[in-house]
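A short write-up of the structure that comes next.
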Amino acid sequence: MSVIEKCAAYTRARTARESGLYPYFLAFDGRDAGTARLADGRDVVMCGSNDYLGLSTDPRVTEAAARAAVQHGAGCTGSRFLNGNLELHDRLERELAAFFGKPAALVLTTGYQANLAAVAGLCGPGDTLFVDKEAHASLIDAARMSRARIQWFAHNDTAALAAKLERLPGRGGRMVIVDGVYSMEGDLCPLPELTSVCEEYGATLLVDDAHGAGVLDKGRGTCSHFGLTDDVPLITLTFSKAFGSIGGAVLGDEDVIDYLRHNARSLMFSASASPANAAAALESLRILRAEPWRCSSVVDNADFMRRELAALGYEVGASTTPIVPVETGGELATLQAWQLLVDQGVYVNAVLPPAASPRLRTSYTAVQTRAQLERALDGFAAVRDRVLGPAADAA
């Protein structure tokens, strides 16, 4: 089968579209604090956004983005390494480093590229990477692109990690790669145990804090939440969640960041973050510093939904973050549940393999009102019997 023939033989998406149960690439035509409008004119309560602090539509953020676009243009048209660096990028790096308590930061065009820089920019043949099996796809791709040896360990199993580190002393460098908050379950990594194991076996720990930065510990993230920022050599984050923009950053010591500036291919060979995106991220960071109530509000909203969904009979896992997974059964059941909820005016994310086992992924924001959340709960209640089946009657 040729490369092109393989595409024609792929029918999974086509079959889902023909059945009316295709949950991806749905077009939106506007959104505000807590709701969104579909291209067909329907309004939905947005329970599937990563806009945790509600800043992507905040007028201060959009105005900062607009001003930057007028002043600097729509794009930088080049790599930061050559002609695409702005003082705006440098300023964002300084303020990120100061806020998160690290000596230096490196801003990249996406969070994906930040992970490529941190992993593939620092590790290569002769090194060994120890990767949590539930780590984000960008970390997995970065590990593979590094050409380092990869060792997988069971999710959040520090004993299994320690056993692998002990069996594989190796001559090269060793890096342990985890998420701070896992994007599908919303659970935290066991950071105190991880830092202890890494110290014992001389491994460098990288924490991808895409879903913790801007939320936990007044926004300072998972490492600060555990009081272990100084014990984690490398932190990556993205601007496409709590910071309402797009882009990413690597945080670490000055020597590490300077090395990446001159060796990370995902920085050197990609155009830099647009002025609008960088300015939006910077303004979001400043709002976060001034309005830490947003961090507690988003967790409170998620706790309310977790509690009320469980009362309706849904299995919602043990997350303590804005991410609330809802179990549905198999793939078909997940697609049907997604469509039923959209019909009720509630938008969630349908998650299927290989991203994770079938489920609905829900997430909440700091600016959603109780009325909006209760409207979402009404939708979940209306479809409960069809989603959960006979088990719902016993709930």
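Compute the accessible area per residue over the chain, keeping the other protein chains in place, probe 1.4 Å, unit Å².
Using a 1.4 Å probe on heavy atoms only, each residue of the chain averages 43 Å².
For the chain, what relative contact order do you get, as a whole percent, if you take Cα pairs closer than 8 Å and at least 6 residues apart?
So the answer I get is 23 percent.
With axes computed from alpha carbons, what is the tilt in degrees of helix 137-146 against the longest principal axis of the chain, rounded to the nearest 10 within 0 to 90?
30
Would you count, across the chain, every pair of lysines whose alpha carbons are under 26 angstrom apart, provided the pair is eight or more residues apart or spans two chains?
Taking the chain as the scope, the lysine pair count is 5.
Return the loop-located chymotrypsin sites (Phe, Trp or Tyr not before Pro) in region 65-173 (DSSP other than H, G, I, E, B) with at most 16 other Cβ atoms within 10 Å of their own Cβ; answer none if there are none.
When the chymotrypsin sites (Phe, Trp or Tyr not before Pro) of region 65-173 are filtered for loop state and at most 16 Cβ neighbours within 10 Å, PHE81 remain.
Round to the nearest 0.05 the FRET efficiency obtained for ILE150 and ARG286 when R0 = 41 Å and r is the Cβ-Cβ distance.
FRET efficiency, ILE150 to ARG286: 0.60.
What residues of region 89-125 lie in the reach of a label at ASP141, counting those whose backbone N is under 18 Å from a point 7 Å from the Cα along Cα→Cβ?
108-123
Quick one: 3J(HN,Hα) in Hz for region 377-387, Karplus 6.51/-1.76/1.60 with θ = phi - 60°, rounded, Gly and Pro as x.
Working through the residues one at a time gives 5, 4, x, 4, 5, 5, 9, 3, 5, 6, 7 Hz.
In region 112-182, what trypsin sites (Lys or Arg not before Pro) fall in a loop by DSSP, with at most 11 other Cβ atoms inside 10 Å?
For trypsin sites (Lys or Arg not before Pro) across region 112-182 that sit outside H, G, I, E and B with at most 11 neighbouring Cβ atoms in 10 Å, the list reads ARG171.
Carbon-plus-sulfur fraction of the accessible area of the chain, 1.4 Å probe, in percent?
Reported share for carbon and sulfur atoms: 52 percent.
How large is the dipole of the chain about the Cα centre if only Lys and Arg carry +1 and Asp and Glu carry -1, each at its Cβ, rounded to the nearest 20 debye?
840
State whether region 153-274 is rounded, prolate or oblate according to the following rule on the C-alpha gyration tensor (a ≥ b ≥ c being the square roots of its eigenvalues): a/c under 1.5 gives rounded; otherwise a/b larger than b/c gives prolate, and the remaining case gives oblate.
oblate
Looking at the chain, send over the antiparallel percent of its DSSP beta bridges, to the nearest 5.
Antiparallel bridges: around 55 percent, rounded to the nearest 5.
Could you check the spin-label model distance between ALA355 and MET268? Points 7 Å from the Cα along Cα→Cβ, value in nm.
A separation of 3.4 nm, rounded to one decimal place.
Test of understanding: extend the Cα→C-beta vector of THR62 to 7 Å, then name every residue of region 234-260 with backbone N under 15 Å from that spot.
Answer for region 234-260: 244-245.
What are the GluC sites (Glu not before Pro) within region 273-315 that DSSP puts in a loop, where the Cβ has at most 16 other Cβ atoms within 10 Å?
Passing both the DSSP loop test and the Cβ count: GLU315.
Can you tell me how region 1-81 classifies by the Cα gyration tensor, rounded, prolate or oblate, using a/c under 1.5 as the rounded cut?
Oblate is the answer for region 1-81, as a/c is 1.5 or above yet b/c matches or exceeds a/b.
The values are calculated or read from the model by the stated rules, or taken from the named source; none is laboratory data. Since the structure is predicted, the reported quantities are computational estimates derived from the model, not experimental observations. Here the Cβ is made from the backbone with ideal geometry for all residues, glycine too, and neighbour counts use every protein chain on show. Keep in mind that these areas ignore ligands, DNA and RNA; they rest on the heavy atoms of the full protein, side chains included. Shrake-Rupley method; radii C 1.70, N 1.55, O 1.52, S 1.80 Å.
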